């Protein structure tokens, strides 16, 4: 309450809190009175109280997420998909082209990344493109190719789902559904995917706080889908030399707040090929459970994001470096 | 090109540009050579060239949007809906509750805002909520009530569409479809709504640049729907006293870059009731074509966003102030 | 405290708080225990407690500034300088060139802005330039010219002080000392200027929160200088169409938190001439106590910031618009 | 130029460019004409041209810094101070308390960090504190203690200089002068320190782009002081779980743009003890030339920043991990 709040104001606020189901504790300080409201009421909009007469500030003590919180679930969650696992001492690398372009392209790249140690094959079939005039992905045909490549090279697969109507197609063809950064708060999509029993790779939105990322995970989990892998992929800041600013510190922060595994995507996080390897190494050194990296055997001709794709030999060399860094911190690749 | 770029490097880049359909002009400067690439190739990813040997930087001269650009369409677009118009000398105010809660609530508020001078009635039926545990809207029933209120008070209506499956319901019941900030880059939704012949209120995403807002409009327009009203509703910055930072300068900037009308939403832009009126006045003074304002007759009991809703008498007083400000800059309300 | 905090942990934290002079109240909730620490200890670093065993989060209830807070000083401060006043119903406009360049330039501009209604003449003599190769100001000679122009046109004057060694020169020649955005947290400078009895125009840093702006004011005031005028001049955001994002909402927010007057600088806040007038109108409509606007009679030849300077006739026209907006909200220019 | 720019407008701009000493090349494209201006004119304010009639956009091709640019100085700069070196295969760690508090404190910590492998001892004597009520440092006495500790443990030393009047004292007592983040654009200070022949540790401002950091280095170097060590210490973003967002990608970016060494400060970059080690590992993995880390033997009683200081045993363990990571990328500690 404000310094000048009257007893009447204080009582009015206390009564209103009680009406909302809170138990109220009044603490009288030197300059002001504090009302402590006890109760597990995550849905209350605290701004409702901020505008009452005499109120100085309302502060939420309990975080608004529960299923994704480490407080209520201290053990680390491990998401297992075929031979891949996210959340244990294994650092799992997802690799592949930005978009599936053709059988030849996908199989060539899949073979290379498999040999270098990647456990999961990525490849976009439905592409969220900033411009309506850009290549939008092969759709169903792309998913079929991805499935075939996964079987051929014994890799788990991941691809992005952009709308509810695509869910069935994705479920039939890939092992992990990706929800992209621009859809992190597409609540309709989160709700539908939350009804599945399939692992989900949930990317942090460019303007999303870590708390909002965990709230998005909460949407998935409150529907019953607990196999959520979080992914840091860069936030929007004033610095625009890089496409986004990969928030490496989100990795240790999220690991403390949540039991869900978290990986990093240095390809989208930087947008520039020669920054991918340093940032991949940084993410692993900071404790990431895995990485998602774009690789293309002929990036000059890639239909999307060629500029941020590694050549296969760069990817192999990076995997070697990552192996040593993983070992330095007690993990393995 | 870099200072140390060799002739071979320069030729390689020039050839590659030509292969992409550009006409190339070579300008030899004191320290470096510049290659000017001429051609209307909006879909080229400029990063593809940034990574070539000897390249220092690639800069796009032409903006990537066309249909929404004032360059190609100098006359101001005016979107007309019933008695409301956006883009002419009239400043049009959209008002109403955050969520439709009941017939009594909606009709009470509609009557008040109509009397105060609002031309369009807003009311959410499908609500994008950060928490899965919050009130998610009345859905179809809410839209029916909104339609009835619009007819009763002779107001145009607007409500948010969150996914493709809701489009039909919205089209049948409201005059303007709103695409929310979190869906500004939900390209699946943009594509479907772009096929309609209904006015769209497109809100700027919290992390979206003005260019990205115009690219989202481009999605709608490239589908054939030209009745797009843009809406500034606050961007995410480091300052967190207000919920978002309402970017008032986006109003004159957008008016210069695009022929589309732009309004401001000071309710979501600030998130705090006593900041709504000053920011509404500021938006009008800066040249906005309209405003979207949340009003509730009993905000303490509102099911969502009560804290940022004006009381009807505050709204009336604000409309009086706005009338004088509009007059000061040669417009009217 | 965390959910799993033991009684020992809770006691240890409580004891440590008491050792720091706080009175401790223990509130036992459903899931966790909250310790309320009562005491006016603004200098405690709350992070010291965050790292103790069992602590979930530490939240400061009292704002860390006192002299600049409206809580402890509810009456609005009015800073009066010659015929100008900041903080009452008068909206005071500061105008003039970015840099003092010559007697002819300064007197020409001073006459124009005086005629249009400006009460304070601005003109830089020491210029903070991003590049060491740019014009750095006329120094002492510039201040002498500013003083002469102020006397000739009966206007108060303001100019920037960049370091302690310049203070004496400024004090002798101008009426208001400006502390620039880049020096807002130059604590050495704040401390010295705080010892003066001269009005100070304190500009918000590009990355400074409103709280930090008020803490910088606190430095000045704790030294004994209470004549502080705050100035919003744009914050750094991801949007880079404008040079900075003028945070108009900072005006009503600061007016609520502090009793100090606040003005806006739309010239630096936008960096583009044709955005200055809309943003100046917006700032006044939002409740600013004044404006600082750059005006140049020949901006194409200005030695600095010509691109954001208004022509005298644009400035006169703007003053007319501002007069009507001021009147609309019960103020005057 | 704009699509609708007339020949008269185009000629006027071309003439004006020539008047400014540029050589002009005219490129006529499909939709618009482009004027290429050739000439090494770093001081021109490009906005001057943006406001001319018919101009669409002005883009600077040459970076505005020269002495700090790798383009003009491809070989990596190595700054050597006693046994420490920054910029070669050695990763150099600066460690010590935030503030010098007493001889016992400083010597205890110095011994620990020396034993763990730190080569440079840090310790603040003049402290930039957000609050005027916080501990401001021991001043001269602190510097004397730092010098003595450096001699005792054969370590180079670094401490912050906050204003010109302190320079002499710093020069006499420490090996490296630090310019803090809040003073990165204190051009008066940069100019004076630029006249010295002492190594400088220049910290990136919280809202500074990488280009602005290099422009600040340019100030130092244009005065003749080439021994500049850059330091990434976190930028201000919307994410406020951490105190700042340590921009790890700034490390590879800066190494590409500039020949100057760059280190990272994970203590200030995160502000939370348990995030320091992961971010220190990440910085080294990303290619940093060194680190600056706060260590305190009794952080609970530290007079400043105790919450982000490592205990000596945490620091030793971290040094072990860093050694392995350095080895993994072909460097050493």
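We did not get these values from a lab; they are worked out from the coordinates using the rules stated. Predicted model, so just to flag it, every value in this text is computed and none were measured. When we count neighbours, we look across all protein chains shown, and the Cβ atoms used for this are built from the backbone with ideal geometry, even at glycine.
Computed quantities for the displayed model
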quantity	calculated
Alpha-carbon centroids, the range A:143-187 and the range C:48-120: separation in whole Å	54 Å
Overall Cα dimensions of the range C:192-251, principal axis frame, Å, largest first	40, 19, 17
Relative intensity, log₁₀ I(q)/I(0), of the range D:163-205 from a Debye sum that treats every alpha carbon as a point, q = 0.13, 0.16, 0.17 Å⁻¹	-0.23, -0.35, -0.39
Kirkwood Rh and Cα Rg combined as Rg/Rh, the range A:7-50	0.96
For residue D:15, inter-copy label distances in nm, listed shortest first [label point 7 Å out on the Cα-Cβ vector]	4.4, 7.8, 8.5
DSSP-defined antiparallel bridges as percent of all bridges, the range C:189-267, nearest 5	10 percent
Kirkwood Rh, angstrom, the range D:10-157 [1 / mean 1/r, Cα pairs]	20.4 Å
Cα-derived Rg over Rh, computed across the range A:1-87 with Rh taken as Kirkwood radius	1.23
Among beta bridges that DSSP assigns inside chain B, antiparallel share in %, nearest 5	30 percent
Fraction in percent of alpha-carbon pairs per bin - 20 Å, chain C	30, 49, 18, 4
Extended-chain gain in nm, criterion 0.36 nm per residue less alpha-carbon gap, residue D:15 and residue D:141	39.3 nm
Packing-based ranking, highest mean first, of B:179-185, C:320-326 given that Cβ atoms within 10 Å are counted	B:179-185, C:320-326
Neighbour-count order for A:159, D:134, B:102, fewest beta carbons within 10 angstrom listed first	B:102, D:134, A:159
Inter-copy spacing of residue D:148 label points, which lie 7 Å from Cα along Cα→Cβ, given in nm from shortest upward	5.7, 7.9, 8.6
Square roots of five times the Cα gyration tensor eigenvalues for the protein assembly as shown, Å	40, 40, 37
Residue of C:123, C:137, C:21 that the Gaussian network model of chain C assigns the largest fluctuation, springs spanning Cα pairs under 10 Å	C:21
Pairwise label distance in nanometres, residue C:102 with residue C:171, each label 7 Å out on the Cα-Cβ vector	3.4 nm
Globularity index of the range B:139-262, i.e. its alpha-carbon radius of gyration over 2.2 N^0.38 Å	1.09
FRET E, pair residue B:8, residue A:8, Förster distance 60 Å, beta-carbon r, rounded to 0.05	0.10
Which of B:98, C:231 has the fewest Cβ neighbours within 10 Å, and the rest in rising order	B:98, C:231
Ascending count of other beta-carbon atoms within 10 Å, so fewest first, for D:254, C:71	C:71, D:254
Part-to-part distance (alpha-carbon centres) for the range C:218-293 and the range D:270-333, which is given in Å	39 Å
Fraction of beta bridges assigned by DSSP in the protein assembly as shown that are antiparallel (%, nearest 5)	30 percent
For residue B:172, inter-copy label distances in nm, listed shortest first [label point 7 Å out on the Cα-Cβ vector]	2.9, 8.3, 8.7
Average Cα contact separation per residue, chain D, under 8 Å, 6 or more apart, as relative contact order %	16 percent
Principal axis dimensions, the range A:87-142 - Cα atoms, whole angstrom, descending	42, 26, 16
Cβ nearest the rotation axis (B onto A), residue from chain B and distance to the nearest whole Å	B:207, 2
